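**Student:** Take this structure first; my questions come after.
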Amino acid sequence: MNDETLRFYDEQAKGYSEIRARPIQIYTDRLEREAMMPLVAEARDILDLGCGEGRLTRWIAATKRQQGGAFAVHGADFSPEMIVHAEAQNGDLPATYGVGDAMALPFPDNSFDLIVSCTAPNNFPSLDGALDEIRRVLRPGGIFCATIINGEETARFARYLYYSPYYLAQLAKRLVGGASGYHRVLFSRDELASLLRGRFDVMELTGMRVIPDFIPEFPLNIWPPLFPVMNGLVRATEGLDRRLSRHPRAGRHARFHLVIARALK
């Protein structure tokens, strides 16, 4: 992972929990957890790859503890600062954390039944190489479940409009300070299908989150006094949003791809 990307996420760690408390992020967390719940219930050894400050890792650990039985939950992230925050917020939950590079995972072959990764794959230096590592540490038949930012998202044009002051400020900063080395790659559905082919048996490849990204996130999802308005809009459109996300055509242009795939070994 390049230094600029690492610096970005180390800085983000300080306020990442506040960002995840915004209405659209809460809705996204709920969609992710619904998709993962049956997978988590069936798995014993689970890795949250790109765990950030550990929000999903904590939910998995709490879910498994409530379920009972033997299990192990681990969160890995390339940002040391994120791991510090994850450990600080973990409390007595049965989860462990450590710095980990998706390109060279610090685990033996066949270590996990389930690997989850929410938007982190867009920051991997090479998703192609990371998928080899993910398959390596999954047991035969193990599951990879991820949300991956879509390179063909239609709502990005709306975002360019309502976030135009932010993008102009970022452009000015780059012109003054030089090009940013921040690494994030977006993928179309066809590109993802091609990368997974031969490594994984794809069980599900659908869209996630369509309508909320057409709603002006700035300021409705940024300014806390307006959160009730955004929450109301998300609730009012949720049924349609779910149908569009799974539609064969509309879902290809959602904010995220939802990937559920079984390792081929």
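The values are calculated or read from the model by the stated rules, or taken from the named source; none is laboratory data. Please read these numbers as outputs of a predicted model, since none were measured by experiment. No Cβ is skipped: glycine too gets one built from the backbone with ideal geometry, and neighbour counts run over all protein chains shown.
**Student:** So which residues in region 38-83 are acidic (Asp, Glu) and in contact with a helix residue (DSSP H, G or I) (Cβ under 8 Å, 6 or more places away or on another chain)?
**Tutor:** If the condition is that a residue be acidic (Asp, Glu) and in contact with a helix residue (DSSP H, G or I) (Cβ under 8 Å, 6 or more places away or on another chain), then ASP48, GLU53, ASP77, GLU81 are the ones that fit.
**Student:** Quick test of your reading of the structure: LEU161 fulfils all but one of (1) under 28 Å from CYS51 (Cβ atoms); (2) out of contact with any Gly (no Cβ under 9 Å at 6 or more places or on another chain). Name the failing condition by number.
**Tutor:** All conditions pass for LEU161, except number (1).
**Student:** Continuing with the same structure: If we keep just the residues of region 140-169 that are small (Gly, Ala, Ser) and touching a strand residue (DSSP E or B) at 6+ places or on another chain (Cβ under 8 Å), which is surrounded by the fewest Cβ atoms within 10 Å (Cβ to Cβ)?
**Tutor:** Filtering region 140-169 for residues that are small (Gly, Ala, Ser) and touching a strand residue (DSSP E or B) at 6+ places or on another chain (Cβ under 8 Å), the one surrounded by the fewest Cβ atoms within 10 Å (Cβ to Cβ) comes out as GLY141.
**Student:** Would you check if PRO125 is surrounded by fewer than 20 Cβ atoms within 10 Å (Cβ to Cβ), in contact (Cβ under 8 Å) with a residue 40 or more places away in the chain, over 18 Å from the mean Cα position of the chain (by Cα) and at negative phi?
**Tutor:** no
**Student:** Here are GLU133, GLU152: which of them is assigned to a loop (DSSP other than H, G, I, E, B) and modelled with pLDDT of 95 or more?
**Tutor:** GLU152
**Student:** What number goes with the only condition from (1) surrounded by fewer than 16 Cβ atoms within 10 Å (Cβ to Cβ); (2) modelled with pLDDT under 95 that HIS247 does not pass?
**Tutor:** Here HIS247 clears every test but (2).
**Student:** Of these, ASP109, ASP132, which one is surrounded by fewer than 16 Cβ atoms within 10 Å (Cβ to Cβ) and touching a residue at least 40 places away in the same chain (Cβ under 8 Å)?
**Tutor:** That would be ASP132, the only listed residue that is surrounded by fewer than 16 Cβ atoms within 10 Å (Cβ to Cβ) and touching a residue at least 40 places away in the same chain (Cβ under 8 Å).
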